[in-house]
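Input: a single structure, listed below in structure tokens.
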Amino acid sequence: MESETIGVKNITREDIYHVLKTVFGYDNFKLYQEEIINSLLNGNDTFVVMPTGGGKSLTYQLPALLCDGTAIIISPLLALMKNQVDIIRNIYADDKIAHMLNSTLPRRELKQIFEDLSNGKTKMLFIAPESLKKESYTEFFKNLQISFFAIDEAHCISEWGHDFRPEYRMIRPMIDTIGQNVPVISLTATATPKVQEDIIKNLKLKNPNIYISSFNRPNLYYEVRPKTKNINKELIQLVREREGKSGIIYCMMRKTTEKIAELLQANGFKALPYHAGLSGAVRRQTQDLFLRQDIDIIVATIAFGMGIDKPDVRYIIHYDMPKSLEAYYQETGRAGRDGGEGDCIAFYNEDDLIKFDKMEQNNRGVAEKEISDLIMYETISYAESTICRRKLLLHYFGEDYKEDNCHSCDNCIYPKTQFDAKKEILTVLKAIDETKEQYKAKMIVKILLGNDKDKASLKHFKAEKLESYSAGAENDEKFWNSIIRQILILNFLKKDINNYGVLKITEKGREFLTNPKSIMLTRDRDFSNDNEELDDEMKMKGGSGADMILLKMLKDLRNQIAKQNNLPPFVIFQDPSLEEMTIQYPITLDELQNITGVGVGKAQKYGQPFVDLIKQYVDENEIERPNDIIIRSSANASSLKIFIIQSIDRKIPLDEIANAKNLSFDELLDQIDKIVASGIRIDIDYFIDDVIDPYHQEEIYDYFRTASTDDIQQALEELGENEYTEEEIRLMRIKFISEMGN
Ligand SMILES: [Zn+2]
């Protein structure tokens, strides 16, 4: 069949604008939309890279409506296709206008679709690439009038994309089998120069017209923070500062999404988890709640976001950094679609990234592993760099961001000190030149360092004979990686597209080699050091971050109160509780209850003089209290406690309680210790009377009455290890503290 009828000769500019207005409801096109439509209508192969929100799908839907015949639209996800079909049917008020073909359709429906296609009623047919392989379909398509092929999410074709699907490689052979001479349009929202080349090559696009929109999202703010053990506190603080606004928190693991959602709920936020392990119904419901703003926060794995169009998401937090920058760009891209504010904050830790990568990698081949490493290298570069994040992201997508300061990323707002790197740049360029531009960054750095441990891998090309060998020994691996990354951005180097990652010197780099001059570069942030610095700071403040002066005052107060009540001090508050008070500085009884080991009962009974003392201390020393980042532990822990308390009330033997909750007996005692320490009074006499003889009971009880500490080991020593067991002492300590203190 001849399909050369496509062409503007039949379709006028008025026709196009008429459909735009009457069907899609717009007066004007967005950037490049009109050019793309004209390219397709003129019968040209067309290649489109347009970020999400740019109006990508309209560029094939509109021509499909105007052309004779049916457009075949290939898309990877059923849900996405279904969504599109629904939208088109809705705006066109005709179900026959668009169909979706997949293997799960009942026979009757399938027959109807083929009938609509044959009668020329269907303008768009959505199909997954694996269905395109089906012989009965291809045979049918051979005799159908096809207007063009559209390949959506075309980055799936490339192993270098973040969502490689092998079946996408079969698209071109299928189109050839169907054998109609119609144009092909390929579209993606994300593609690096390498992926772009893969797509064009693989789809064998003929002199395609290429349209690449800018990836810059000026309204987004980018920040990367080191991931430390304080991450949950920082997270709560970030969310609290944005209370009532919509946000998405991305995690790598399903378990983490649930844990974090619980933590947020426990701190009073409306949050729910979302991951592929939840049932479809639950996921749909969560999505709806988020869209309707009944909940503010979704804590999700990457499963969330495809096809979600909520324009006013105000922040994206990456609890875990995704492995690829493309995924990072996609996910952060869900913030601020309406052009309003959108904060993108990622917590980064290199070891974490490598750990997640390894988990994925178990059944990968060598070539895939290599690709995966290079993709991860880009993410590490991005996270650790001190260059403008926007500049880095756009460079990754092959775009040159010309501004020196974007005023909307952490690196621009908090610039790092610079140094003259003339000598170091020269050292790198010389090494690449001397080794004839054959190696990737990793190897170049090995040569520059000249470490003994790398000798084996450098041996085969006699690296030791090179002038550059160990020329950079005075600096470390991180330093040289950083120099290479920065001069890549400065276009002194580029990466070979065909042999990805191999460093080539550009003309600009050559010029620098012959005529070097001063260039200022920055040192990267060392995220592992950030951690240490933080720890040091904590250490200086004493044991676990405690304020030693206040701690001493609180202990004195505790001794005083203990004396008045004729009780050992540990019955009032235990040491860890006092230490935590010197970190959190609670100044009301409510706040005091958030301290570990302090419950309502204890706070009421003994708390007032403590918070008074702390308040006075805070005022006198003008201490800034971290009260806005107090974290309440999640609901799960407390449900276990409630279970234990209720079981003890019902006088269920402790070993049975432990069994019921799958705890060891020691673990159960730990839990009961915590319950008692928080000021809740429980009575375990029924159990003690069963397992400890009365004489032993009395001896242990008397011991604690006069002891200066509640330490179990010390009690064992003083009472005699041969006669008493640790278990007995623990049980009696619970009884003692509960009766005396609570
Ligand atoms: Zn910037």
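A short reminder: the numbers here are calculations on the coordinates, not readings from a lab. Nothing here was measured: the structure is a model prediction, and the numbers come from that model. As a convention, Cβ positions derive from the backbone with ideal geometry for all residues, glycine included, and neighbour counts pool all protein chains shown.
Does segment 233-302 come out rounded, prolate or oblate by the C-alpha gyration tensor, with a ≥ b ≥ c the root eigenvalues, rounded set by a/c under 1.5 and, if not, prolate when a/b is larger than b/c and oblate if not? Since a/c reaches 1.5 but b/c is at least a/b, the shape of segment 233-302 is classed as oblate.
A simple rule links phi to the HN-Hα coupling: the Karplus curve 6.51 cos²θ - 1.76 cosθ + 1.60 with θ = phi - 60°, which for segment 406-415 gives 8, 6, 9, 8, 4, 5, 7, 6, 10, x Hz, with x for Gly and Pro.
Cβ-Cβ distance of Val282 and Lys206, R₀ of 51 Å, FRET efficiency by 1/(1 + (r/R0)^6): the value works out to about 0.60. For the chain, the longest principal axis of the alpha carbon atoms and the long axis of helix 254-266 meet at an angle near 60°. Take the Cβ atoms of Asp496 and Asp476, set R0 to 25 Å, and the FRET efficiency comes out at 0.45.
For the cross-link pairs Lys323/Lys391; Lys422/Lys494; Lys563/Lys674; Lys323/Lys440; Lys194/Lys446, which exceed 22 Å when the distance is taken from alpha carbon to alpha carbon?
Check vs 22 Å cut-off fails for Lys563/Lys674; Lys194/Lys446.
The ranking of Phe704, Phe126 by Cβ neighbour count inside 10 Å, starting from the fewest, reads Phe704, Phe126.
With 23 Å as the limit, the listed pairs Lys227/Lys504; Lys552/Lys641; Lys229/Lys555; Lys430/Lys508; Lys206/Lys402; Lys201/Lys495 have Lys227/Lys504; Lys552/Lys641; Lys229/Lys555; Lys206/Lys402 beyond it between alpha carbons. Ordering 263-269, 682-688 by mean Cβ neighbour count within 10 Å, with the highest value first, yields 263-269, 682-688.
The 3J(HN,Hα) values that the Karplus relation (6.51, -1.76, 1.60; θ = phi - 60°) gives for segment 428-435 are, in residue order, 5, 4, 4, 5, 5, 5, 5, 8 Hz. Gly and Pro appear as x. Calculated mean residue ellipticity at 222 nm for the chain: -14500 deg cm²/dmol, from DSSP H runs with n ≥ 4 weighted as -39500 (n - 2.57), summed, divided by the residue count and rounded to 500. Modelled spin labels at Asn565 and Tyr414, positioned 7 Å past Cα toward Cβ, are 4.3 nm from each other. Taken along its principal axes, the alpha carbon cloud of segment 154-217 reaches lengths of 40, 25, 15 Å, longest axis first. Near Met100, the amide H atoms lying under 5 Å from its own belong to Phe126; only residues 5 or more places off or on other chains count, and H is placed 1.01 Å from N. Between helix 635-649 and the chain there is an angle of about 40 degrees, using the helix long axis and the longest principal axis of the Cα atoms. The angle between the Cα long axis of helix 107-118 and the longest principal axis of the Cα atoms of the chain comes to about 40 degrees, rounded to the nearest 10. Neighbours of Cys406, meaning other residues whose beta-carbon lies under 10 angstrom from its beta-carbon, give a summed charge of +1 when Lys and Arg score +1 and Asp and Glu score -1. Among Val502, Val299, a tally of other beta-carbon atoms within 10 Å of each Cβ gives an order, fewest to most, of Val502, Val299. Here the dipole of the chain is about 3440 debye; that uses its Cα centre as origin and unit charges on the Cβ of Lys and Arg (positive) and Asp and Glu (negative).
Using a/c under 1.5 as the rounded threshold, could you call segment 251-345 rounded, prolate or oblate? The axes a ≥ b ≥ c are square roots of the C-alpha gyration tensor eigenvalues, and prolate needs a/b larger than b/c, oblate otherwise. Cα axes put segment 251-345 in the rounded bin.
Under the classification rounded if a/c is under 1.5, otherwise prolate if a/b is larger than b/c and oblate if not, where does segment 287-421 fall, given a ≥ b ≥ c as square roots of the Cα gyration tensor eigenvalues? In terms of gyration-tensor shape, oblate. Cross-link pairs exceeding 22 Å in C-alpha to C-alpha distance, out of Lys259/Lys355; Lys111/Lys134; Lys96/Lys310, comprise Lys96/Lys310.
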